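If you scroll down you'll find the structure; I have some questions about it.
The values are calculated or read from the model by the stated rules, or taken from the named source; none is laboratory data. Just so it is clear, the structure is predicted and the values come from calculations on it, not from any experiment. So basically every Cβ, Gly included, is an ideal-geometry build from the backbone, and we count neighbours across all protein chains shown.
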Ligand code: URA
């Protein structure tokens with residue numbers, strides 16, 4: 001049971017790092033989880049074990065199916081932005097971020113030199129799992145749209161290319177629905193390596209220090225490509241670009257514009273969040289953000305495109 005619970009907790013942490021604020025759970029799953037917790041002595045008949053003297057909860061919180069991320073105003077967070085800590089045994093990062101030195105020359109020359117610097121970066125390589133690779137951005141160096149993700153996952157670090165796993169397949173389909181191909185846009189990540197975990201399996205969100213270390217590499221790619229629009233995919237990408245803000249909520253900022261390096265920045269959910277929920281409502285939410293991107297980029301939008309994932313009321 002403990003292992004299953006840990007798996008659930010790991011999954012919830014992963015979702016949170018991908019920007020999720022709520023998780024949809026079927027009534028049946030809630031019932032099974034509650035039964036297991038009661039059997040393990042963690043809950044008393046579906047209610048949290050009462051602390052001595054504590055008033056009983058009016059209803060079991062687990063019974064209420066959470067709603068999708070809402071734009072409802074929340075009470076301002078009191079806590080300071082907390083950053084995940086590095087698991088034990090992982091080499092700390094240098095205090096100073098890397099200095100990017102690029103040669104004079106055209107875009108292609110500067111991009112190739114940057115790529116060379118990043119894939120040979122000793123700090124990045126020291127954090128890459130054995131048999132895996134540092135991951136640098138891919139795509140068109142003249143792209144108008146530049147998608148920014150979080151960090152490579154298992155498939156990406158093996159291939160040395162961003163967004164080639166399941167989330168990448170969905171991103172490729174989103175780009176296709178916009179009337180573009182992967183080769184026409186640019187895709188990069190906040191992180192150039194897959195953040196290590198103590199068990200060296202699974203994913204964890206990057207720490208603030210890790211993001212700060214890699215940011216000069218992403219900034220340099222953005223400055224070389226100079227896209228019309230940046231698209232931050234998920235909460236970590238937003239934090240990586242804009243810095244931490246304890247009051248920022250992905251459900252609130254998605255679909256709105258910010259700016260990075262003087263370039264308009266659209267904030268939206270991460271594709272893995274869409275994969276997780278797989279509802280038309282979530283797909284439509286991300287699609288509406290993409291429609292805004294297309295409008296701002298001056299692309300023609302067909303009626304068919306406007307209607308994608310429209311939720312019937
Ligand atoms: N998720 C990301 O944020 N980036 C990748 O490259 C793959 C998955």
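Restricting the search to the range 108-146, which residues are loosely packed, with under 15 Cβ neighbours inside 10 Å and closer than 24 Å to residue 266 by Cα?
Answer for the range 108-146, where residues must be loosely packed, with under 15 Cβ neighbours inside 10 Å and closer than 24 Å to residue 266 by Cα: just 142.
Where in the range 203-281 are the helices (runs of 4 or more DSSP H), entirely inside, with at least 2 residues that are surrounded by 24 or more Cβ atoms within 10 Å (Cβ to Cβ)?
208-225, 235-242, 271-277
In addition: Checking residue 199 against (1) surrounded by 19 or more Cβ atoms within 10 Å (Cβ to Cβ); (2) over 28 Å from residue 180 (Cα atoms), which single condition isn't satisfied?
Every condition holds for residue 199 apart from (1).
Any chance you could count how many residues in the range 190-228 are in contact with a helix residue (DSSP H, G or I) (Cβ under 7 Å, 6 or more places away or on another chain) and under 29 Å from residue 300 (Cα atoms)?
3
Still on this structure, I have one more. What are the pairs with Cβ atoms under 8 angstrom where one residue, in the range 151-164, is outside the structural domain of residue 202 (by TED's automatic domain parsing) and the other, located anywhere, is near the ligand (Cβ under 6 Å from one of its atoms)? Sequence gap at least six, or different chains.
No pair meets every condition.
Another one. Just for helices (runs of 4 or more DSSP H) wholly inside the range 113-183: which have at least 1 residues that are over 29 Å from residue 101 (Cβ atoms), within 10 Å of the ligand (Cβ to nearest atom) and at pLDDT 95 or above?
154-159, 166-177
Continuing with this model, one more query. Among the residues of the range 229-247, are any over 15 Å from the mean Cα position of the chain (by Cα), at pLDDT 95 or above and closer than 20 Å to residue 145 by Cβ?
Scanning the range 229-247 turns up at least one residue that is over 15 Å from the mean Cα position of the chain (by Cα), at pLDDT 95 or above and closer than 20 Å to residue 145 by Cβ.
Does residue 196 satisfy the criteria of being in contact (Cβ under 8 Å) with a residue 60 or more places away in the chain and in a loop (DSSP other than H, G, I, E, B)?
So residue 196 fits the description; yes.
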